[in-house]
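Novice: Below you'll find the structure I mean.
The values are calculated or read from the model by the stated rules, or taken from the named source; none is laboratory data. Everything numeric here is computed off the predicted structure, so don't read it as measured data. Cβ: placed from backbone, ideal geometry, glycine included. Neighbour counts: every protein chain shown. Heads up: the accessible areas ignore ligands, DNA and RNA and are worked out on the full protein's heavy atoms, side chains in. Shrake-Rupley method; radii C 1.70, N 1.55, O 1.52, S 1.80 Å.
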Amino acid sequence: MTGAIDGTHATLSIEGFIGHSNISATVKPRVITLSWTDKGELSTEVFQATTNANYADMLHSLTSSTQEAMAAEQRAAAEHKQDEANESLEKSLSAFLEREQTWNLDLVHKRREKVRSYTQRAEHQIDVLLARHTGMADVQANSVTVEMNGSQIQLSNDIGSMKSNIDQARENLRKFDAAISQSPCLTPDHTLSEGARPSCAGLPDVVRRYLAIHPKAEGILDEAERYDAQTLAGYEAALASANQRVEQQQQRD
């Protein structure tokens, strides 16, 4: 851009890719006005100087706008996160409710019966062998107790695995309870909070049904743990008795 100024008037020449264009300007204190012709139409652009105070106001306005925009963005992000949490809680509780029909103690009952049957067979085998009063029979009876010891390890592992599952289930219940108590969707009596977000709408009904079956879930977990503990204790007592009988017989023979 080149040009010349004469008092309050200036003529500017702007070089383009091909040729150049002329722009007229008027210069007044703190104001410059550009004028040019574009496709036969007169166009103007005014540039006005500002004060430091004006500039400070502009920066303050810009800063305030930026802060408001950031705050709005943060609110939107928080609301989105809360919506995801609400939907996740409802989905998890619904899945929990759907599994209620599968809750039973079949596994621990079958384990008890299997252990009982195995113990009875082992005890009968030991009775038969010890009744022979021979060294070979004593060795064979001792082999039965060795096998019983191995089975006790497997039984302890199985029950330990079940105990881990029970502990995890209890932890899941505690997490559900905590999430429900902390949810902004719900009042203390588990009704919908005033002004709750739309994503909260389904929670009260799901929570009500969850709380209704909560005692049943706790009861099944307690019963499974108690039943398995009795099974293991009974087997350990039978094993101790079998070991003692074989040792006593070997000492006599």
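Novice: Would you please give the FRET efficiency between E45 and S65, computed as 1/(1 + (r/R0)^6) with r the Cβ-Cβ distance and R0 = 30 Å, to the nearest 0.05?
Specialist: So the FRET efficiency works out to roughly 0.75.
Novice: A further question on this structure: Please report, for the Cα atoms of the chain, the Rg to one decimal and the Dmax as a whole number; what are they, in angstrom?
Specialist: 42.9, 135
Novice: Using a Gaussian network model of the chain with C-alpha springs under 10 Å, which one of S35, S117, S65 is most mobile by mean-square fluctuation?
Specialist: Answer for the Gaussian network model of the chain: S35.
Novice: Report, to the nearest whole %, how much of the accessible area of region 83-251 belongs to carbon and sulfur atoms, 1.4 Å probe, protein only.
Specialist: 52
Novice: With a Förster radius of 45 Å, plug the Cβ-Cβ distance of D127 and E171 into 1/(1 + (r/R0)^6) and report the FRET value to the nearest 0.05.
Specialist: 0.50
Novice: In square angstrom, rounded to the nearest 10, how much accessible surface does M70 have for a 1.4 Å probe?
Specialist: Surface open to solvent at M70 totals about 100 Å².
Novice: Rounded to whole Å and sorted largest first, what semi-axes of the equivalent ellipsoid does the C-alpha gyration tensor of region 5-76 yield via the square root of 5 times each eigenvalue?
Specialist: 38, 19, 10
Novice: Report, in deg cm²/dmol and to the nearest 500, the calculated mean residue ellipticity at 222 nm for the chain, where each DSSP H run with n ≥ 4 adds -39500 (n - 2.57) and the sum is divided by the residue count.
Specialist: Per the formula, -25000 deg cm²/dmol.
Novice: Let me ask something additional. I'd like the FRET efficiency for I153 and E223, computed as 1/(1 + (r/R0)^6) with the beta carbon distance as r and R0 of 25 Å, rounded to 0.05.
Specialist: 0.50
Novice: Now a separate question. Taking every alpha carbon pair in region 174-253, what does the distance histogram look like in 5 angstrom bins from 0, in percent?
Specialist: Histogramming region 174-253 at 5 Å steps yields 3, 12, 14, 12, 9, 7, 7, 6, 5, 5, 5, 4, 4, 3, 2, 1, 0, 0 percent.
Novice: Okay, moving on. On full extension of the chain, what length is gained from A179 through H20, given 0.36 nm per residue of separation minus the C-alpha to C-alpha distance?
Specialist: Computed gain between A179 and H20 is 50.1 nm.
Novice: Turning to a different aspect of this structure: For K163, list the aspartates and glutamates whose Cα falls under 15 Å from its own Cα; do not include residues on the same chain fewer than 8 positions away.
Specialist: Of all the aspartates and glutamates, those that pass the test against K163 - Cα under 15 Å, at least 8 places apart if same chain - are E171, E218, D222, E223, E225, D228.
Novice: Using the basic label-point model (7 angstrom from Cα toward the beta carbon), what is the M1 to Q101 distance in nanometres?
Specialist: In this crude label model, M1 to Q101 measures out at 7.9 nm.
Novice: Moving on. Considering only T37, T187, T50, give the residue with the highest GNM mean-square fluctuation for the chain, with springs between Cα atoms whenever their separation is below 10 Å.
Specialist: T37
Novice: For Y55 paired with E73, estimate the spin-label separation in nm (one decimal), with each label point 7 Å from Cα along the Cα-to-Cβ line.
Specialist: 2.7
Novice: Between beta-carbons, use under 13 Å as the cut-off and find the net charge around N86, counting Lys and Arg +1, Asp and Glu -1.
Specialist: With Lys, Arg at +1 and Asp, Glu at -1, the net is -2.
Novice: Something else now. Taking 20 °C and 1.002 mPa s as the conditions, I'd like the Stokes-Einstein D for region 16-164 in µm²/s, using the Kirkwood hydrodynamic radius from alpha carbon pairs.
Specialist: It comes out at roughly 81 µm²/s.
Novice: Give me the 1.4 Å probe accessible area per residue for region 28-126, excluding ligands and nucleic acids, in Å².
Specialist: 78
Novice: While we're looking at this one, here's another question. Using a 1.4 Å probe, how large is the accessible area of H124, given in Å² and rounded to the nearest 10?
Specialist: For H124, solvent-accessible area is about 120 Å².
Novice: May I pose another question? Roll a 1.4 Å probe over the protein heavy atoms and report the accessible area of K110 in Å², nearest 10.
Specialist: K110 has an accessible surface of roughly 140 Å² with all protein chains in place.
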